[in-house]
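What follows is a single structure, written as structure tokens, with notes after it.
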Amino acid sequence: MSGSERASRRLCAFALFASFAFLSPRASFGEPLPRILVVPFENVARDARIFWLTEGAAVVLADDLNMLGASAITRSERHQAFEKLQVPPAATLTDATVIRIGQLVGAAQVVVGSLQLDGESIVIRARSIALDTGRLAADVTDRGEPSELFKIFERIARKIAPPSPKTSEEIESRHPPLDVFEDYIKGLLAETPATAIKYLTTALSGEPSFDPARLALWDVYADQGDHEHALAAVLRVPEESPVAREARFRAGLSQLQLKKYDDAFATFKALLDAAPTATVLNNLGIVQLRRGALPQAGQGTAAYYFNKAVEADAGDPDYVFNLGYADWQDRDTQAAIYWLREAVRRNPADADAHFVLGTALAAGGDAAGSTRERDLARRLSSEYEPGKRGGDAVPKGLERVKNEVELPHAGIEARLASSEQRDQEELATFYLDRGRRLYQDEQDREAIVELNRATYLSPYRAEAHVLLGRIYLRNGRVQEAIGALKIALWSRETAEAHAVLGEAYRQAKDLAAARAEAQQALALDPNSADAKQLLARLDAR
């Protein structure tokens, strides 16, 4: 079968999946529960005795909500959102920041709270806020002795969650002894790996069956690149543990890093057999790609698993990139071009995808397209400047490994499935106009959706990228703003784009780059108000 035929078959499968996702998303999976984000509580009196409870409150309340049948966002998802917004984990959050984080993780409501000691009692207040209306859904205050902490949070959870048949005994059985929980949370909050390991091992010595501490140990060791110890930590989690799947997934990641490819394949294949997910399919593809040999009997190629990951979650740009990258490694030029174009449609700021696409276009005889894509890759990443990464050769190791927990992303292709017969540029203009109006009304989440639709249909529409840059900047997503504005300038150089990019650099504390962008803006438009304001802010420093 030729490369074009393979690409055509994949496209048919992709279109079928997209149409199904658009037409009947609830037929198989049901109406998803609205998600709840619980953020760390405020330690009102800055009392050192309960500093650990700011994070502990968010962890135990989210766990109890999930036990009661609600859909609370996990700590891992919350931390990914913190990292994306560049919010320090221990920061005191403003309401605006809480709303941004809630939007980023796809929450329908957020829970904020406070706690303080009052004599021999601890007083805890929790407020649940609906993100769509900004209205208070619940306002609960409870108190009791510190030793009754879990019971207090259970009572609060029952007033936020839907009615549940779960008994207090069932919920209590999931909690470790309070001193073990305290050590666990202190391990999560520790500023050094040695301190974190000390607290987590102490927690496990007090309650060896408390497996979340083993997952936390894996996180600490993995962050240090110590995958031998990371693997040993999670291999001790038994199959009957509530966190067994998370432990096995982490084990597979460590085996992958340790180049134990047979073990990694067996681990991810067992997870796939138990419950197929896009993340597992993707990582099976990673194993096969890194092996670099023909698959054994009963195993698929890297491209096979990446293709299955795309079918399972066509909205994630990493799966699409991995598929195109694997096709390039297999010397299937036309299939690589198709999927890499899809990757940059989903994530126009993906420098790697632009560069590999440029190389594939050159191999396919499209010299002009190749030059354009490589030039944009160099603008987006200094890694692709001449003389770096082996010149024009496609680098090794660009494949994207996935964690089990991934932040939500827009499934643009599914939303647009019913519009395939309309003119793309006309439709892109329609979405751009809607995005502009929503931006002006400060409906940022809705504006991003419309602007992403516009760039999906017309990837190099400069104005859409400028608006996305402004929105990201308004929401503290500075690096995303820089990426969007670089694409805008590459697509069409304007004073506005230079000035907004300069402001993004200022917020990123790159003052020299900020001043250079302001000056370029004024060279194009001496009356640019944005550029003049930016220079005034820079001079004020």
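Which value, in Å² rounded to 10, gives the accessible area of D352 with a 1.4 Å probe and all protein chains present?
Number for this one is 30 Å².
Compute, for K159, the solvent-accessible surface of its heavy atoms (probe 1.4 Å) with the complete set of protein chains present, and express it in square angstrom to the nearest 10.
My reading of the accessible area for K159 is about 130 Å².
Going by amide H atoms built from the backbone, whose H comes under 5 Å of the H on R35, apart from near neighbours?
Here the answer is A108, Q109, since their amide H atoms fall under 5 Å of that of R35.
Using a 1.4 Å probe, how large is the accessible area of K532, given in Å² and rounded to the nearest 10?
Counting only protein heavy atoms, the figure is 100 Å².
Give a residue-ordered list of calculated ³J(HN,Hα) values for segment 504-520 (Karplus: 6.51 cos²θ - 1.76 cosθ + 1.60, θ = phi - 60°; whole Hz; x for Gly, Pro).
5, 5, 4, 5, 7, 6, 9, 6, 5, 5, 4, 5, 4, 5, 4, 5, 5
Per-residue HN-Hα couplings for segment 370-378, Karplus 6.51 cos²θ - 1.76 cosθ + 1.60 at θ = phi - 60°, whole Hz, x for Gly and Pro?
Per residue, the Karplus-derived 3J(HN,Hα) values read 4, 4, 4, 5, 5, 4, 5, 4, 5 Hz.
Could you tell me how many degrees, from 0 to 90 and to the nearest 10, lie between the Cα long axis of helix 317-329 and the main elongation axis, the longest principal axis, of the Cα atoms of the chain?
50
Rounded to whole Å and ordered largest first, report the semi-axes of the equivalent ellipsoid of the chain derived from its Cα gyration tensor (root of 5λ).
40, 31, 23
Would you mind checking which residues have amide H under 5 Å from A138's amide H? H placed 1.01 Å from N; only 5 or more apart, or other chain.
Distant-sequence amide H within range of A138: S128.
Could you rank S254, S209, S164 by how accessible they are, 1.4 Å probe, largest area first?
S209, S164, S254
Holding the Cα-Cα limit at 29 Å, pick out from K198/K509; K308/K396; K260/K396 the pairs that are longer than that.
Beyond 29 Å: K198/K509.
Write down Rg/Rh for segment 72-215, rounded to two decimals, with Rg from the C-alpha atoms and Rh from the Kirkwood relation over Cα pairs.
0.97
For n ≥ 4 DSSP H runs only, could you compute -39500 (n - 2.57) per run for the chain, divide by its residues and tell me the 222 nm figure to the nearest 500?
Rounded to the nearest 500, the figure is -19000 deg cm²/dmol.
Using the Cα gyration tensor of segment 33-82, with a ≥ b ≥ c the square roots of its eigenvalues, what is the shape: rounded (a/c below 1.5), prolate (a/b larger than b/c) or oblate (neither)?
prolate
By the gyration tensor of its Cα atoms, with a ≥ b ≥ c the square roots of the eigenvalues, what is the shape of segment 144-299: rounded for a/c under 1.5, prolate for a/b over b/c, or oblate?
Note, shape of segment 144-299 comes out oblate.
Once you charge only the Cβ atoms, +1 for Lys and Arg and -1 for Asp and Glu, what is the size of the charge dipole of the chain about its Cα centre, to the nearest 20 debye?
Computed charge dipole of the chain: roughly 820 debye.
Hey, if you put +1 on the Cβ of every Lys and Arg and -1 on every Asp and Glu Cβ in the chain, which of L407, A274, L178 ends up farthest toward the positive end of that dipole?
Farthest along the dipole direction, towards plus: L407.
Order E399, E170, most accessible first, counting only protein heavy atoms with a 1.4 angstrom probe.
I get E170, E399, largest accessible area first.
May I ask you to rank W218, W339 by accessible area, largest first, using a 1.4 Å probe over the protein chains only?
The most accessible residue leads, giving W218, W339.
Output ³J(HN,Hα) for segment 192-208: one whole-Hz value per residue in order, computed from phi by the Karplus curve 6.51 cos²θ - 1.76 cosθ + 1.60 with θ = phi - 60°, and x for Gly and Pro.
10, x, 5, 5, 4, 4, 4, 5, 5, 6, 5, 4, 6, 5, x, 8, x
Rounded to the nearest 20 Debye, what is the dipole magnitude of segment 241-383 about its Cα centre when Lys and Arg each give +1 and Asp and Glu each give -1 at the C-beta?
Using only the charged Cβ atoms, the result is roughly 280 debye.
The values are calculated or read from the model by the stated rules, or taken from the named source; none is laboratory data. Bear in mind the structure is a predicted one, so any value in this text is a computation, not a measurement. A quick note on method: Cβ atoms are made from the backbone with ideal geometry, for glycine too, and the neighbour counts reach across all protein chains shown. Keep in mind that these areas ignore ligands, DNA and RNA; they rest on the heavy atoms of the full protein, side chains included. Shrake-Rupley method; radii C 1.70, N 1.55, O 1.52, S 1.80 Å.
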